[in-house]
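Report on the structure given below.
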Amino acid sequence: MEDTEQLALFEAKIASGQKIEPKDWMPEAYRKQLIRMMSQHAHSEIVGMLPEGNWITRAPNLRRKAILLAKVQDEAGHGLYLYSAAETLGIDRSELLAQLHSGKAKYSSIFNYPTLTWADIGAIGWLVDGAAIMNQTALARGSYGPYSRAMVRICKEESFHNRQGYEIMMHLAQGTPEQKDMAQDALNRWWWPSIMMLGPSDDKSPNTEQLMKWKVKIESNDEIRERFIDRTVPQAEFIGLKIPDEAMKYNQETGHYEHGPINWDEFFEVIKGNGPCNAQRLKDRINADKNGFWVREAAIAYAAKQAKEKLAS
Ligand code: FAQ
């Protein structure tokens, strides 16, 4: 078939709500966009383990430690599903990881901020996982089969993460005045970066138009941001914390909150590599990769040995 015919078929499939599967014909631009977005997403999951991993040894009690360990492990699992899903597009994960470690690939801006107190672990679960779910429940309805299916399980796990984060914040907000201050301070520091992690405003988002046309993205960055804000502001009020935005107000007519200006200069600086922790995160990720080499080598050797024994029996 001619490319024009293939393209018409591909677009008709998407318009009728069918999924595109790895062996289906797809335009090169669709494949490239998906590799870009899915690999950035996978990198975010594994880099996202670092700021939280920082608190595993300092969790305030055994219960909190066990929950945090499980959460960080879940993020590694999400990275695994997403690298596997990206590989269905004909790229090897070693190449994707090389792009991350060389600083060429992006990962979410949010993970370039430091986790200074235990309350930051609460704020990440509540706000960062909360924002991630808003985005990912939309991506679960996207057109590329392996990506959208990976999102279903990831969203279920992120919902649990979101609740554990909110529960930490609730406890701190009901604790001593110092604990409440710690929760408020974490909210002050994580609010704006969480709003920004949903991507630049629609007028500054070059990829959205094409991605929405192909139903990879179902909603724009600003639409998702509005939904996240509408859901999160009442949650802050419920536990007696204040959103650090003097301009934030509820508009009775639209039924939505209106927020103050977002510092997009800060966002673009962070994604250029100039955020507070970019250099540290990259260094830690490269070390984690080096230190884990023997584990991967041993796992591969063990799998090969088992396969050989199975063949011989
Ligand atoms: N950080 O044209 P757009 C998580 C870049 S998972 C860095 O609007 P697009 C779970 C963008 O790549 C969090 N860069 O781009 C967890 C593009 O540059 P490029 C990650 C960003 O793709 C929780 C340029 O700006 N989630 O948190 C960011 O249409 C706790 C122009 O932007 C995903 O990756 C950013 N925040 O929309 C883990 C979801 N935003 O590539 C551990 C999948 C934009 O052209 C602990 N991705 N850029 O050079 C998406 O939904 C989309 O890619 C967006 C961006 C919405 C992130």
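The values are calculated or read from the model by the stated rules, or taken from the named source; none is laboratory data. None of the values given here were measured: they were computed from a predicted structure. Cβ: placed from backbone, ideal geometry, glycine included. Neighbour counts: every protein chain shown. Please note that ligands, DNA and RNA were not included when accessible areas were found on the heavy atoms of the full protein model with its side chains. Shrake-Rupley method; radii C 1.70, N 1.55, O 1.52, S 1.80 Å.
Selection over the range 240-283 of residues that are of a type outside the set (Lys, Arg) and within 17 Å of residue 204 (Cα to Cα) gives a count of 11. For the range 29-53, the tally of residues that are in contact (Cβ under 8 Å) with a residue 60 or more places away in the chain, open to solvent by 10 Å² or more (accessible area, probe 1.4 Å) and more than 12 Å from the ligand (Cβ to nearest atom) stands at 1. In the range 174-258, counting only helices (runs of 4 or more DSSP H) that sit wholly within it, the ones holding 1 or more residues that are among the aromatic types (Phe, Trp, Tyr) span 177-196, 221-238.
Restricting attention to the range 281-296, the residues that are exposed (fewer than 14 other Cβ atoms within 10 Å of the Cβ) and under 19 Å from the mean Cα position of the chain (by Cα) add up to 0.
Can you confirm whether residue 18 is among the polar types (S, T, N, Q), part of a loop (DSSP other than H, G, I, E, B), over 17 Å from the mean Cα position of the chain (by Cα) and at negative phi? So residue 18 passes the test.
Residues that are within 13 Å of the ligand (Cβ to nearest atom) and open to solvent by 20 Å² or more (accessible area, probe 1.4 Å) within the range 95-104 comprise 99, 103, 104, listed in sequence order. For the range 10-28, the candidate set comprises residues that are among the acidic types (Asp, Glu) and out of contact with any helix residue (DSSP H, G or I) (no Cβ under 7 Å at 6 or more places or on another chain); within that set, the residue that is nearest to the ligand (Cβ to nearest atom) is 28.
Matching residues to (1) of a type in the set (Lys, Arg); (2) more than 15 Å from residue 44 (Cα to Cα):
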| site | (1), (2) |
| --- | --- |
| 133 | no, no |
| 140 | no, yes |
| 156 | yes, yes |
| 159 | no, yes |
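Only residues that are open to solvent by 40 Å² or more (accessible area, probe 1.4 Å) and either of a type in the set (Ser, Thr, Tyr) or away from the ligand (no atom under 16 Å from the Cβ) (or both) were counted in the range 258-278, giving 3.
Before we move on, is residue 92 open to solvent by 10 Å² or more (accessible area, probe 1.4 Å) and away from the ligand (no atom under 12 Å from the Cβ)? Yes. Being open to solvent by less than 20 Å² (accessible area, probe 1.4 Å), under 30 Å from residue 83 (Cα atoms) and either more than 13 Å from the ligand (Cβ to nearest atom) or touching a strand residue (DSSP E or B) at 6+ places or on another chain (Cβ under 6 Å) (or both) is the filter here, so list the residues in the range 148-202 that pass it. 191 - this is the single residue of the range 148-202 that is open to solvent by less than 20 Å² (accessible area, probe 1.4 Å), under 30 Å from residue 83 (Cα atoms) and either more than 13 Å from the ligand (Cβ to nearest atom) or touching a strand residue (DSSP E or B) at 6+ places or on another chain (Cβ under 6 Å) (or both). Could you please find all residues in the range 245-254 being without any contact (Cβ under 8 Å) to a residue 40 or more places away in the chain and within 12 Å of residue 229 (Cα to Cα)? Selection gives 248, 249, 250. Taking the range 1-10 as the range and being under 23 Å from residue 149 (Cβ atoms) and either in contact with a His (Cβ under 9 Å, 6 or more places away or on another chain) or exposed (fewer than 14 other Cβ atoms within 10 Å of the Cβ) (or both) as the test, only 9 passes.
Candidates are the residues of the range 203-225 that are under 13 Å from residue 135 (Cβ atoms) and of a type in the set (A, V, I, L, M, F, W, C); the one that is farthest from the ligand (Cβ to nearest atom) is 218.
If only residues of the range 57-92 that are among the charged types (D, E, K, R) and touching a residue at least 40 places away in the same chain (Cβ under 8 Å) are counted, the one that is nearest to residue 150 (Cα to Cα) is 74.
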